[in-house]
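Peer 1: Have a look at this one.
The values are calculated or read from the model by the stated rules, or taken from the named source; none is laboratory data. From a predicted model like this one, the values you see are computed outputs, not experimental measurements. Note: ideal-geometry Cβ built from the backbone for every residue, glycine included; neighbour counts use all protein chains shown.
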Amino acid sequence: MPGEIDEAGVLSIERLRDDLASFRADLKVRYRSDQRQVTSDELKTRAARLAETGMIEIVGRTELSAAISRDDLARFSLQFQRLLLFSERSTTRSKYDGELKALLRDYRARLIIPLKQYVRNNPRPAAVVPTNVAQTPFVATAFVGHSFAPADSLVVEFVVKTLTAAGIAIVTGEKPTTDRLSEKIQRRIEAQGIFVGIFSRRDKTPGKDEWSTSTWVIEEKAYALALKRKLILLKEDGVVSIGGIQGDREYLEFSRSRLHDLGPRLLGLFIMSPTGFRS
């Protein structure tokens, strides 16, 4: 039943670990050099499916927070999100291998063992009310994740001013200095009730009217998702993906040449309700 942690669910999560290990082994067989680009459509599709399965079966199940710490769930969210991003672009085998190695190293100790202990100590599954993430009180503050490219400054300024006009206090990040989400930024996201992601154009796909977006903002979104924060996702027209299955959630598309059209739609998310936010 939904809302329960049972042996069948734990077995499914354990099998995912086996699938991840098998995928890592197959990568090494197909690509002997760790600096080769993984170009196989079959392998990239497998990577995407494994990542999305992890986001659904682990990150997307709020009941697991009864057994798994918030920080560990957030860590898995980031790792699966990175694996998904690797499948969507040119990526070397070494990057896949590094992320899979870290994922598999944490998997049993931080996930399987706590879940099995929980099931053993709770032999009769009952609906679980999460106590460490899902019950976070709503606060009228938002973390805005955005690109720091100078060309995007007007878009960011417009969104911040619009949210401020809606009575939302704004907190933003800072220009990244590493390829990992810092603890400082994690704590800023954690402290806010809403996550606003601005997915502006970054790199153009050769020969196509398509763009990638900031990997950094996608990782910030993955962390906010793991914390069960309310999400507002703003995608610039032409951006192909904002992060897999989360990219399939409702988002507002905008054109930087017609930002004035975005304002009313963004404000429309906030209506008279106990939280001031339309769910």
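Peer 1: Please go through (1) of a type in the set (Gly, Ala, Ser); (2) surrounded by fewer than 19 Cβ atoms within 10 Å (Cβ to Cβ); (3) at pLDDT 90 or above; (4) in a loop (DSSP other than H, G, I, E, B) for residue 151 and return the number of the only condition it doesn't satisfy.
Peer 2: Among (1) of a type in the set (Gly, Ala, Ser); (2) surrounded by fewer than 19 Cβ atoms within 10 Å (Cβ to Cβ); (3) at pLDDT 90 or above; (4) in a loop (DSSP other than H, G, I, E, B), the lone unmet condition for residue 151 is (4).
Peer 1: Among the candidates 73, 50, 100, 83, which residue alone is over 20 Å from residue 215 (Cβ atoms) and in contact (Cβ under 8 Å) with a residue 24 or more places away in the chain? Walk me through how you get there before you give the answer.
Peer 2: Working: 50 fails: over 20 Å from residue 215 (Cβ atoms); 100 fails: over 20 Å from residue 215 (Cβ atoms); 83 fails: over 20 Å from residue 215 (Cβ atoms).
Of 73, 50, 100, 83, the one residue that is over 20 Å from residue 215 (Cβ atoms) and in contact (Cβ under 8 Å) with a residue 24 or more places away in the chain is 73.
Peer 1: Does residue 46 fit the bill of being at pLDDT 90 or above, touching a strand residue (DSSP E or B) at 6+ places or on another chain (Cβ under 8 Å) and charged (D, E, K, R)? Show your work before the answer.
Peer 2: On the way: at pLDDT 90 or above: yes; touching a strand residue (DSSP E or B) at 6+ places or on another chain (Cβ under 8 Å): no; charged (D, E, K, R): yes.
No: the conditions fail for residue 46.
Peer 1: Kindly check whether there is at least one residue in the range 123-140 that is surrounded by 12 or more Cβ atoms within 10 Å (Cβ to Cβ) and either modelled with pLDDT of 90 or more or of a type in the set (Phe, Trp, Tyr) (or both). Break it down stepwise before answering.
Peer 2: Keep residues of the range 123-140 that are surrounded by 12 or more Cβ atoms within 10 Å (Cβ to Cβ), which gives 125, 128-130, 132-134, 136, 138-140.
This time we only want the ones that are either modelled with pLDDT of 90 or more or of a type in the set (Phe, Trp, Tyr) (or both), so: 138.
Among the residues of the range 123-140, at least one is surrounded by 12 or more Cβ atoms within 10 Å (Cβ to Cβ) and either modelled with pLDDT of 90 or more or of a type in the set (Phe, Trp, Tyr) (or both), which makes the answer yes.
Peer 1: Going residue by residue through the range 178-198, is there one that turns out to be crowded, with 19+ Cβ neighbours inside 10 Å and over 25 Å from residue 65 (Cβ atoms)?
Peer 2: Scanning the range 178-198 turns up at least one residue that is crowded, with 19+ Cβ neighbours inside 10 Å and over 25 Å from residue 65 (Cβ atoms).
Peer 1: Right, here's the next one. With respect to residue 59, is the statement that it is surrounded by 14 or more Cβ atoms within 10 Å (Cβ to Cβ) and either in contact with a helix residue (DSSP H, G or I) (Cβ under 7 Å, 6 or more places away or on another chain) or farther than 20 Å from residue 80 by Cα (or both) true?
Peer 2: Considered against the rule, which asks whether it is surrounded by 14 or more Cβ atoms within 10 Å (Cβ to Cβ) and either in contact with a helix residue (DSSP H, G or I) (Cβ under 7 Å, 6 or more places away or on another chain) or farther than 20 Å from residue 80 by Cα (or both), residue 59 comes out as yes.
Peer 1: Kindly provide the set of residues from the range 10-45 that are free of Cβ contacts under 8 Å to residues at least 40 places away in the same chain and outside any loop (DSSP other than H, G, I, E, B), ordered by number.
Peer 2: 11, 15, 18, 19, 22, 25, 26, 29, 30, 41, 42, 43
Peer 1: Answer yes or no as to whether residue 3 is in a helix (DSSP H, G or I), at pLDDT below 90 and of a type outside the set (Lys, Arg).
Peer 2: Taking the combined requirement at face value, the residue does not satisfy it.
Peer 1: Out of the range 37-85, which residues are among the β-branched types (Val, Ile, Thr) and under 17 Å from the mean Cα position of the chain (by Cα)?
Peer 2: Of the residues in the range 37-85, the ones among the β-branched types (Val, Ile, Thr) are 38-39, 45, 53, 56, 58-59, 62, 68.
Matches in the range 37-85: 53, 56, 58, 59, 62.
Peer 1: Another question, then. Can you give me the number of residues within the range 154-165 that are surrounded by fewer than 13 Cβ atoms within 10 Å (Cβ to Cβ) and either modelled with pLDDT of 85 or more or hydroxyl-bearing (Ser, Thr, Tyr) (or both)?
Peer 2: If we filter the range 154-165 for residues that are surrounded by fewer than 13 Cβ atoms within 10 Å (Cβ to Cβ), which is where we start, we get 154, 157, 161, 164-165.
Next cut, either modelled with pLDDT of 85 or more or hydroxyl-bearing (Ser, Thr, Tyr) (or both) only: 154, 157, 161, 164.
Qualifying residue count, the range 154-165: 4.
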